[in-house]
Amino acid sequence: MLSFLYARQSGLDDPVRLRRAESTRRVLSLELNYDRDVDRIHGNGINTLDIEVVEGRYMLSGGSDGVIVVYDLENSSRKPHYTCKAVCTVGRSSRYVHKFSVETVQWYPHDTGMFISSSFDKTVKVWDTETLKPAEEFQFDGNVYCHHMSTIARKHSLVAVGTKDPKVQLCDLKSGSRIHILQGHRGEILSVRWSPRYEHILATASTDSRVRVWDVRRASGSLFTLDQHNGDKSKASSEAANTAHNGRANGLCFTDDGLYLLTTGTDDRMRLWNSATGENTLVNYGKVVNESRKGLKFAVSRGCSPEFVFVPCGSSVAVYGLHSGEQITMLRGHYNNVDCCEFHSDNQELYSGGKDCNILAWVPVLRQPDIEDEGVNSAKGGTQAAVNPAFEDAWSSDED
């Protein structure tokens, strides 16, 4: 760490390198925090989480009971042990509550005054955070599995919606109407994601095993369909041609820079794609257990080098190196299956929700070096145990 500080002070290194190194070190030390609780409000499993990026303070959750909760993550008491309180709730007593399971919640990207939810009651609702009343409501013919609004869009305010219908729906918040559909899939749409790099690029995943990438400005079909075999027909059967997975494709997540797209499927595989060309990078993550019949909510770190992927895997959260495919660790603490996780990039923390109705906080716990023991070891000529390279300190002093 001292070498990074010296290099930054002397102008030898970009300040970003120090920030990335510290962020990486913090992610590698994530552990379940027993001193931080999250109010238990949901009476059934938690399907979705979202942390707003304006202040990084408020978190949304949506559950199988149809309830939506807003939490305050800030420790206002300044005590070591504290509880993240529920600020407000759209509970069963509200006349506006979703009738069935809430599948996705998302903050409005530019302020905390509005958020969007989608549910199995065939609706997408746009909420006023202050009044907890829907400012707009979109009705659909089938169950709504997912929705997503672009975090960078300036020229449109479209919400992409995936339903039981194989057509992707585009809803315009400005006009309050459904303005366009994207046709090409042959099954239910389980996941939709806007690119964080180009505001008109959208990725969709379906039960037909295909992942399509669209430019919503084009009236024709999708730009391309992801092919796990990269066009090599000798490796693919006629049924598997132009498929991203051998089972349902049920999870999507772009990297923060938008250069890569991660997909998950019920074939127990996770794949990393070049988002510009659609090429399968062939990173091998091994078996990633995925039995979800709905969309899988997983997360990618931001600001680390290298980046990490957090994937619900049974009652645990598996952590992988994004480009290496190596499984770094398994975060265990839930009593039942984990359905979603959300990475908090401001503090390098992770929140996960599961069928046990709990939201758990995973925070960095940095190992404190024992100076006396280090002195004894060096005096005896002993060697220290190997540590993760991210924790190593390469600084040395000429005066010594």
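The values are calculated or read from the model by the stated rules, or taken from the named source; none is laboratory data. Just so you know, these numbers come straight off a predicted model, no measurement behind them. Virtual Cβ from ideal backbone geometry, glycine too; neighbours counted across all protein chains shown. Note: areas computed on protein heavy atoms with side chains; ligands, DNA, RNA excluded. Shrake-Rupley method; radii C 1.70, N 1.55, O 1.52, S 1.80 Å.
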Item to complete: State, to one decimal in nm, how far the label point of ARG19 lies from the label point of ASP232, with both points 7 Å from Cα in the Cβ direction.
Response: 4.0 nm
Item to complete: Within segment 258-336, report the chymotrypsin sites (Phe, Trp or Tyr not before Pro) that DSSP leaves as loop and that have at most 10 other Cβ atoms within 10 Å.
Response: TYR335
Discussion item. Using 25 Å as the Cα-Cα cut-off, could you pick out the over-long pairs in LYS125/LYS287; LYS79/LYS133; LYS174/LYS297; LYS125/LYS174; LYS85/LYS174; LYS85/LYS122?
Written reply: LYS125/LYS287; LYS79/LYS133; LYS174/LYS297; LYS85/LYS174; LYS85/LYS122
Item to complete: For ARG78 and THR329, calculate 0.36 nm times their separation in residues minus their Cα-Cα distance, and state this gained length in nm to one decimal.
Response: 87.3 nm
Practice prompt. Starting from the eigenvalues of the Cα gyration tensor, five times each then square-rooted, give me the equivalent ellipsoid semi-axes of segment 316-357, largest first, whole Å.
Written response: 20, 14, 8
Item to complete: Would you mind checking the tilt of helix 15-28 against the longest principal axis of the Cα atoms of the chain, expressed as 0 to 90 degrees and rounded to 10?
Response: 80 degrees
Worksheet entry | Identified option (computed mean projected area of the Cα convex hull in nm²; candidates (i) 21.7; (ii) 23.3; (iii) 18.8) | (ii)
Discussion item. Could you work out the relative contact order of the chain? I mean the mean sequence separation of Cα pairs under 8 Å and 6+ apart, divided by the number of residues, in percent.
Written reply: 14 percent
Discussion item. Just to confirm, what accessible area per residue do you get for the chain at 1.4 Å probe, in whole Å²?
Written reply: 49 Å²
Worksheet item: Based on the alpha carbon coordinates of segment 35-78, what radius of gyration and maximum Cα-Cα distance (Dmax) apply, in Å?
Response: 11.3, 33
Fill in: Estimated dipole of the chain in Debye, rounded to 20 [Cβ of Lys and Arg +1, of Asp and Glu -1, Cα centre]
1640 debye
Discussion item. Using a 1.4 Å probe on the protein heavy atoms only, what accessible surface does ILE328 show? Give it in Å² to the nearest 10.
Written reply: 70 Å²
Fill in: Calculated on alpha-carbon atoms, Rg and Dmax of segment 107-186 in Å
12.4, 40
Worksheet, complete the sentence: Here D for segment 58-149, in µm²/s, from Stokes-Einstein with a Kirkwood Rh over Cα pairs at 20 °C and 1.002 mPa s, works out to 156 µm²/s
Worksheet item: What number in nm² do you get for segment 129-257 if you take the convex hull of its Cα atoms and divide its surface by four?
Response: 9.1 nm²
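Summing -39500 (n - 2.57) over the DSSP H runs of n ≥ 4 in the chain and dividing by its residue number, what mean residue ellipticity at 222 nm do you reach, to the nearest 500 deg cm²/dmol?
-2500 deg cm²/dmol
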Fill in: Stretch gain in nm, segment THR151-LYS287, where the contour uses 0.36 nm per residue and the Cα spacing is subtracted
45.8 nm
Response to the item:
What the 10 Å binned alpha carbon P(r) of segment 48-110 shows, as percent of pairs per bin from 0, is 22, 46, 27, 5
Worksheet entry | Sparsely packed GluC sites (Glu not before Pro) within segment 183-281, loop by DSSP, other Cβ within 10 Å at most 10 | GLU239
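Ignoring any ligand, DNA or RNA, what whole percent of the accessible area of the chain comes from carbon and sulfur when the probe is 1.4 angstrom?
Numbers: 8730 of 19480 Å².
That fraction is 45 percent.
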Discussion item. Using the Cα centre of segment 162-289 as origin and beta-carbon charges of +1 (Lys, Arg) and -1 (Asp, Glu), tell me which of VAL168, LEU272, GLY286 is placed farthest towards the positive end of the dipole.
Written reply: VAL168
Practice prompt. Please work out the C-alpha center-to-center distance from segment 25-104 to segment 253-305 and express it in whole Å.
Written response: 25 Å
